[in-house]
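*Asks:* Dropping a structure here in structure tokens format, bear with me for questions.
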Amino acid sequence: MAESVAAAAWILAMLATFTLAHCVDDKCAACNAVAGELEIGLSNEKPRNHLDMRHRLDSKGQREGKLIDYRVSELRVVELLDGLCEKMQDYTLEKRDSTQLEWVKVDDWDQLTTDKQEARAHSKAISTYCGRIPVNIYCSWRNL
């Protein structure tokens, strides 16, 4: 569990450091919403064994290759990020008071009391923001 929290913290640090969102005004709140959905994914994760990449045999018939811990594997990252941005389409921006806006998960769009068209526009904005996160991280790493 501690490794999951550490992984989430690392991903949050990367998100906060490397992302630029033009259509999302409050990037911190949007990042927190994405991080919250990522934490849900981490908490729903099923325990997995190591990834056995020993598919070749050497000249003596012994298996050759790596045994990779799933917790630090690229497969885990891919599985956690797969579908994350689509899940963000369930979020919209809601006023908490006259000055504070917060990203909230919408359970039933038909029961929404605010302007549905505006709520859907916010939903698309955060989904687009989420989609740019991996690209921005990749581009930032390439430029280092």
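The values are calculated or read from the model by the stated rules, or taken from the named source; none is laboratory data. Predicted, not measured: the structure shown is a model, and the values here were computed from it. Cβ: placed from backbone, ideal geometry, glycine included. Neighbour counts: every protein chain shown.
*Asks:* Which pairs have Cβ atoms under 6 Å, sit 6 or more apart or on different chains, and link a residue in the range 76-100 that is touching a residue at least 24 places away in the same chain (Cβ under 8 Å) and at negative phi to one that is in a helix (DSSP H, G or I) and surrounded by fewer than 16 Cβ atoms within 10 Å (Cβ to Cβ)?
*Replies:* R76/Y70; C85/G131
*Asks:* Continuing with this model, one more query. Can you confirm whether the range 80-91 contains a residue that is under 27 Å from C28 (Cβ atoms) and over 15 Å from the mean Cα position of the chain (by Cα)?
*Replies:* First pass over the range 80-91, keeping only residues under 27 Å from C28 (Cβ atoms): 80-91.
Then drop every residue that is not over 15 Å from the mean Cα position of the chain (by Cα), which leaves none.
Within the range 80-91 (the criterion being under 27 Å from C28 (Cβ atoms) and over 15 Å from the mean Cα position of the chain (by Cα)), the answer is no, since none of the residues qualifies.
Okay, residues lined up against (1) on the phi < 0 side of the Ramachandran plot; (2) of a type in the set (S, T, Y); (3) at pLDDT 90 or above:
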site: Q111; (1), (2), (3): yes, no, no
site: K116; (1), (2), (3): yes, no, no
site: K124; (1), (2), (3): yes, no, yes
site: G131; (1), (2), (3): yes, no, no
site: P134; (1), (2), (3): yes, no, no
site: S140; (1), (2), (3): yes, yes, no
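*Asks:* State all residues of the range 59-94 that are of a type outside the set (A, V, I, L, M, F, W, C) and under 17 Å from K46 (Cβ atoms); if no residue qualifies, say none. First the steps, then the outcome.
*Replies:* Filtering the range 59-94 down to residues of a type outside the set (A, V, I, L, M, F, W, C) leaves 59-66, 69-71, 73-74, 76, 79, 82-83, 86-87, 89-92, 94.
The answer is D69, Y70, R71, S73, R76, E79, D82, G83.
*Asks:* Quick check on my filter: what residues within the range 54-111 are more than 30 Å from K124 (Cβ to Cβ), touching a strand residue (DSSP E or B) at 6+ places or on another chain (Cβ under 7 Å) and exposed (fewer than 11 other Cβ atoms within 10 Å of the Cβ)?
*Replies:* Residues of the range 54-111 that are more than 30 Å from K124 (Cβ to Cβ), as a first pass: 54-73.
After this cut, where a residue has to be touching a strand residue (DSSP E or B) at 6+ places or on another chain (Cβ under 7 Å) as well, the list is 54, 56-58, 63-65, 67-68, 70, 73.
Those that are more than 30 Å from K124 (Cβ to Cβ), touching a strand residue (DSSP E or B) at 6+ places or on another chain (Cβ under 7 Å) and exposed (fewer than 11 other Cβ atoms within 10 Å of the Cβ): R56, D58.
*Asks:* Restrict the check to the range 113-128 and report whether at least one residue is of a type outside the set (D, E) and outside any helix (DSSP H, G or I). Steps first, answer last, please.
*Replies:* Here is the first cut: in the range 113-128, the ones of a type outside the set (D, E) are 113-114, 116-117, 119-128.
Of the ones still in play, those that are also outside any helix (DSSP H, G or I) are 113-114.
The answer is yes, given that some residue of the range 113-128 is of a type outside the set (D, E) and outside any helix (DSSP H, G or I).
*Asks:* In addition: Given the conditions (1) among the hydrophobic types (A, V, I, L, M, F, W, C); (2) at pLDDT 80 or above; (3) closer than 14 Å to Y129 by Cα, report the number of the one that L67 does not fulfil.
*Replies:* (3)
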